[in-house]
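Written out below as C-alpha coordinates is the structure these notes cover.
The values are calculated or read from the model by the stated rules, or taken from the named source; none is laboratory data. These numbers were taken from a predicted model, which means no experiment stands behind them. Virtual Cβ from ideal backbone geometry, glycine too; neighbours counted across all protein chains shown. Just the protein is used for accessible areas: all its heavy atoms, side chains included, with ligands, DNA and RNA removed. Shrake-Rupley method; radii C 1.70, N 1.55, O 1.52, S 1.80 Å.
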Amino acid sequence: MKNQQLLAKIQNRLTNKKTKPINIKSSYAILVPLIENANGDLSLLYQIRSENLTTQPGEISFPGGRVENGETPSQAAIRETIEELGVSMKNIRPLGKLDFLVTPYNFAIYPYLGKLTNVSVTEINNNDNLNEIERVFTIPLSFLTNNQPEEYQINVRTKPTEDSDFPFHLIKDGQNYQWREGDYSVLFYRFQDKIIWGFTALFTYNFVEHLKATQSLEK
(Lines give C-alpha, C1' and ligand atoms only; values in the text may rest on other atoms or scores of the structure.)
Protein backbone atom coordinates (compact mmCIF):
# COMPACT_ATOMS: atom_id res chain seq x y z
CA MET A 1 0.00 0.00 0.00
CA LYS A 2 2.86 2.34 0.85
CA ASN A 3 4.46 1.74 -2.55
CA GLN A 4 1.15 2.29 -4.33
CA GLN A 5 0.75 5.68 -2.66
CA LEU A 6 4.30 6.64 -3.60
CA LEU A 7 3.77 5.57 -7.21
CA ALA A 8 0.51 7.53 -7.37
CA LYS A 9 2.28 10.66 -6.11
CA ILE A 10 5.10 10.22 -8.63
CA GLN A 11 2.59 9.72 -11.45
CA ASN A 12 0.67 12.81 -10.41
CA ARG A 13 3.84 14.89 -10.30
CA LEU A 14 4.95 13.73 -13.74
CA THR A 15 1.49 14.19 -15.24
CA ASN A 16 1.42 17.87 -14.27
CA LYS A 17 5.11 18.56 -14.81
CA LYS A 18 6.41 20.66 -17.68
CA THR A 19 9.45 18.87 -19.07
CA LYS A 20 12.74 20.66 -19.58
CA PRO A 21 16.19 19.75 -20.93
CA ILE A 22 18.53 17.98 -18.51
CA ASN A 23 21.98 19.35 -17.64
CA ILE A 24 21.32 22.85 -18.92
CA LYS A 25 23.16 25.54 -16.95
CA SER A 26 21.39 28.56 -18.43
CA SER A 27 18.52 29.38 -20.75
CA TYR A 28 18.09 32.11 -23.32
CA ALA A 29 15.07 33.38 -25.22
CA ILE A 30 14.78 35.27 -28.48
CA LEU A 31 12.06 36.93 -30.51
CA VAL A 32 11.90 36.21 -34.24
CA PRO A 33 10.27 39.51 -35.27
CA LEU A 34 8.04 39.98 -38.29
CA ILE A 35 7.49 43.50 -39.58
CA GLU A 36 5.54 45.01 -42.49
CA ASN A 37 6.99 47.48 -44.96
CA ALA A 38 5.11 50.40 -46.50
CA ASN A 39 3.60 48.08 -49.11
CA GLY A 40 2.30 45.66 -46.49
CA ASP A 41 4.85 42.95 -47.31
CA LEU A 42 6.24 40.93 -44.40
CA SER A 43 9.94 40.66 -43.58
CA LEU A 44 12.04 39.30 -40.74
CA LEU A 45 13.86 41.93 -38.73
CA TYR A 46 17.48 41.40 -37.68
CA GLN A 47 19.78 43.47 -35.53
CA ILE A 48 23.50 44.17 -35.85
CA ARG A 49 25.04 43.95 -32.41
CA SER A 50 27.15 46.79 -31.08
CA GLU A 51 30.92 46.53 -31.49
CA ASN A 52 31.18 47.54 -27.81
CA LEU A 53 29.64 44.29 -26.58
CA THR A 54 31.91 41.60 -25.13
CA THR A 55 29.82 38.78 -26.61
CA GLN A 56 29.46 38.49 -30.40
CA PRO A 57 30.23 42.15 -31.15
CA GLY A 58 29.16 43.25 -34.63
CA GLU A 59 27.32 40.01 -35.39
CA ILE A 60 23.78 39.69 -36.73
CA SER A 61 21.16 38.26 -34.39
CA PHE A 62 17.56 38.33 -33.28
CA PRO A 63 16.70 40.31 -30.13
CA GLY A 64 16.98 38.20 -27.01
CA GLY A 65 19.02 37.27 -23.98
CA ARG A 66 19.25 35.27 -20.78
CA VAL A 67 16.10 34.12 -18.99
CA GLU A 68 16.28 35.68 -15.54
CA ASN A 69 15.05 34.10 -12.30
CA GLY A 70 11.30 34.42 -11.89
CA GLU A 71 10.45 34.94 -15.56
CA THR A 72 9.35 32.61 -18.32
CA PRO A 73 11.26 32.34 -21.60
CA SER A 74 8.45 34.19 -23.41
CA GLN A 75 8.64 37.03 -20.89
CA ALA A 76 12.41 37.16 -21.35
CA ALA A 77 12.09 37.31 -25.14
CA ILE A 78 9.70 40.27 -24.92
CA ARG A 79 11.72 42.06 -22.22
CA GLU A 80 14.94 41.76 -24.20
CA THR A 81 13.23 42.94 -27.39
CA ILE A 82 11.91 46.02 -25.61
CA GLU A 83 15.35 46.78 -24.17
CA GLU A 84 17.36 46.14 -27.32
CA LEU A 85 15.08 47.69 -29.96
CA GLY A 86 13.78 50.54 -27.82
CA VAL A 87 10.15 49.59 -28.44
CA SER A 88 7.30 49.12 -25.96
CA MET A 89 5.03 46.23 -25.10
CA LYS A 90 2.25 47.70 -27.27
CA ASN A 91 4.57 47.35 -30.29
CA ILE A 92 4.87 43.55 -29.91
CA ARG A 93 2.17 41.10 -30.91
CA PRO A 94 3.16 37.57 -29.73
CA LEU A 95 2.31 34.86 -32.27
CA GLY A 96 3.54 31.67 -30.65
CA LYS A 97 6.44 29.34 -29.88
CA LEU A 98 8.94 28.00 -32.38
CA ASP A 99 11.13 24.92 -31.92
CA PHE A 100 13.75 25.34 -29.21
CA LEU A 101 17.42 24.42 -29.35
CA VAL A 102 19.63 22.59 -26.85
CA THR A 103 23.22 23.49 -27.67
CA PRO A 104 26.41 21.46 -27.09
CA TYR A 105 27.46 24.23 -24.70
CA ASN A 106 25.04 23.49 -21.86
CA PHE A 107 22.47 26.16 -22.63
CA ALA A 108 19.08 26.16 -24.31
CA ILE A 109 17.52 28.80 -26.56
CA TYR A 110 13.75 29.30 -26.70
CA PRO A 111 12.50 31.22 -29.76
CA TYR A 112 9.16 32.97 -30.05
CA LEU A 113 7.52 34.47 -33.10
CA GLY A 114 6.11 37.97 -32.86
CA LYS A 115 5.03 40.86 -35.05
CA LEU A 116 6.23 44.41 -34.53
CA THR A 117 3.38 46.88 -34.92
CA ASN A 118 3.15 50.67 -35.14
CA VAL A 119 6.90 51.01 -35.42
CA SER A 120 9.23 51.17 -38.43
CA VAL A 121 12.82 50.19 -39.15
CA THR A 122 13.62 53.89 -39.58
CA GLU A 123 12.17 54.75 -36.16
CA ILE A 124 14.20 52.01 -34.48
CA ASN A 125 17.42 53.06 -36.23
CA ASN A 126 16.84 56.73 -35.33
CA ASN A 127 16.53 55.94 -31.63
CA ASP A 128 19.59 57.51 -29.95
CA ASN A 129 19.10 55.46 -26.77
CA LEU A 130 20.05 52.09 -28.25
CA ASN A 131 23.13 50.66 -26.50
CA GLU A 132 23.32 47.01 -27.49
CA ILE A 133 22.76 47.28 -31.23
CA GLU A 134 24.17 49.38 -34.05
CA ARG A 135 21.08 49.19 -36.25
CA VAL A 136 18.41 46.87 -37.63
CA PHE A 137 17.55 45.70 -41.14
CA THR A 138 15.01 43.39 -42.74
CA ILE A 139 14.96 40.46 -45.15
CA PRO A 140 11.72 39.86 -47.09
CA LEU A 141 9.96 36.56 -46.45
CA SER A 142 9.80 36.11 -50.23
CA PHE A 143 13.61 36.01 -50.34
CA LEU A 144 13.88 33.54 -47.46
CA THR A 145 11.27 31.16 -48.86
CA ASN A 146 12.92 31.14 -52.29
CA ASN A 147 16.54 30.79 -51.18
CA GLN A 148 17.84 27.77 -49.31
CA PRO A 149 20.65 28.42 -46.84
CA GLU A 150 24.12 27.05 -47.43
CA GLU A 151 24.93 24.19 -45.06
CA TYR A 152 28.33 23.24 -43.68
CA GLN A 153 29.36 20.63 -41.14
CA ILE A 154 31.57 21.02 -38.10
CA ASN A 155 32.65 18.25 -35.76
CA VAL A 156 31.50 18.28 -32.15
CA ARG A 157 33.21 15.97 -29.67
CA THR A 158 32.71 15.45 -25.94
CA LYS A 159 35.91 14.60 -24.14
CA PRO A 160 37.52 15.65 -20.85
CA THR A 161 40.61 17.80 -21.15
CA GLU A 162 43.86 15.95 -20.51
CA ASP A 163 44.73 18.10 -17.50
CA SER A 164 41.32 17.66 -15.83
CA ASP A 165 40.66 15.62 -12.68
CA PHE A 166 38.13 13.44 -14.51
CA PRO A 167 38.09 9.96 -12.85
CA PHE A 168 39.15 7.90 -15.88
CA HIS A 169 39.83 4.96 -13.58
CA LEU A 170 36.11 4.63 -12.86
CA ILE A 171 35.08 3.97 -16.48
CA LYS A 172 35.78 1.10 -18.84
CA ASP A 173 38.92 1.62 -20.97
CA GLY A 174 39.89 4.67 -18.91
CA GLN A 175 41.65 7.32 -20.99
CA ASN A 176 41.10 5.16 -24.08
CA TYR A 177 37.31 5.39 -23.75
CA GLN A 178 35.64 6.05 -27.10
CA TRP A 179 33.93 9.40 -26.53
CA ARG A 180 31.00 10.31 -28.75
CA GLU A 181 31.34 12.79 -31.57
CA GLY A 182 29.09 13.93 -34.37
CA ASP A 183 28.55 16.38 -37.18
CA TYR A 184 26.81 19.66 -36.43
CA SER A 185 25.11 21.64 -39.20
CA VAL A 186 25.95 25.35 -39.54
CA LEU A 187 23.71 27.35 -41.87
CA PHE A 188 24.45 30.52 -43.82
CA TYR A 189 22.14 32.98 -45.58
CA ARG A 190 23.63 35.61 -47.89
CA PHE A 191 21.47 38.69 -48.38
CA GLN A 192 23.02 41.67 -50.15
CA ASP A 193 26.10 42.47 -48.05
CA LYS A 194 24.77 40.68 -44.94
CA ILE A 195 25.73 37.22 -43.69
CA ILE A 196 23.26 35.51 -41.36
CA TRP A 197 24.74 32.36 -39.89
CA GLY A 198 24.90 30.06 -36.88
CA PHE A 199 21.99 29.94 -34.45
CA THR A 200 20.34 32.98 -36.05
CA ALA A 201 20.32 31.24 -39.44
CA LEU A 202 19.07 28.04 -37.82
CA PHE A 203 16.10 29.80 -36.21
CA THR A 204 15.45 31.62 -39.49
CA TYR A 205 15.37 28.30 -41.34
CA ASN A 206 13.10 26.72 -38.74
CA PHE A 207 10.58 29.56 -39.06
CA VAL A 208 10.74 29.50 -42.86
CA GLU A 209 9.97 25.76 -42.85
CA HIS A 210 6.90 26.44 -40.68
CA LEU A 211 5.92 29.22 -43.09
CA LYS A 212 6.26 26.96 -46.14
CA ALA A 213 4.16 24.27 -44.45
CA THR A 214 1.47 26.84 -43.69
CA GLN A 215 1.48 28.12 -47.27
CA SER A 216 1.20 24.58 -48.67
CA LEU A 217 -1.92 23.97 -46.55
CA GLU A 218 -3.52 27.08 -48.01
CA LYS A 219 -3.20 25.79 -51.57
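Data overview
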item: Segment 42-157: C-alpha gyration tensor shape, a/c 1.5 cut-off, then a/b vs b/c; result: rounded
item: Full-stretch length increase - residue 14, residue 168 - with 0.36 nm per residue and alpha-carbon distance subtracted; result: 52.0 nm
item: Rule-of-thumb Rg ratio for segment 9-77 [Cα; 2.2 N^0.38 Å; N residues]; result: 1.61
item: Solvent-accessible heavy-atom area per residue, rounded to whole Å², over segment 62-219 at 1.4 Å; result: 64 Å²
item: Angle between the chain longest axis and helix 198-218 axis [Cα atoms, degrees, rounded to 10]; result: 70 degrees
item: Contact order normalised by residue count of the chain, Cα under 8 Å, 6+ apart, percent; result: 20 percent
item: Cut-off 12 Å (backbone N to label point 7 Å along Cα→Cβ of residue 159), residues of segment 177-199; result: 177-182
item: For the chain, built as a Gaussian network whose Cα springs stay under 10 Å, the top-fluctuating residue of 153, 11, 56; result: 11
item: Residue among 12, 39, 147 with the largest mean-square fluctuation in a Gaussian network model of the chain, springs linking Cα atoms under 10 Å; result: 12
item: Within the accessible area of the chain (1.4 Å probe), percent carbon and sulfur; result: 49 percent
item: Within the chain, helix-based [θ] at 222 nm, where runs of 4 or more DSSP H residues each add -39,500 (n - 2.57), nearest 500; result: -8500 deg cm²/dmol
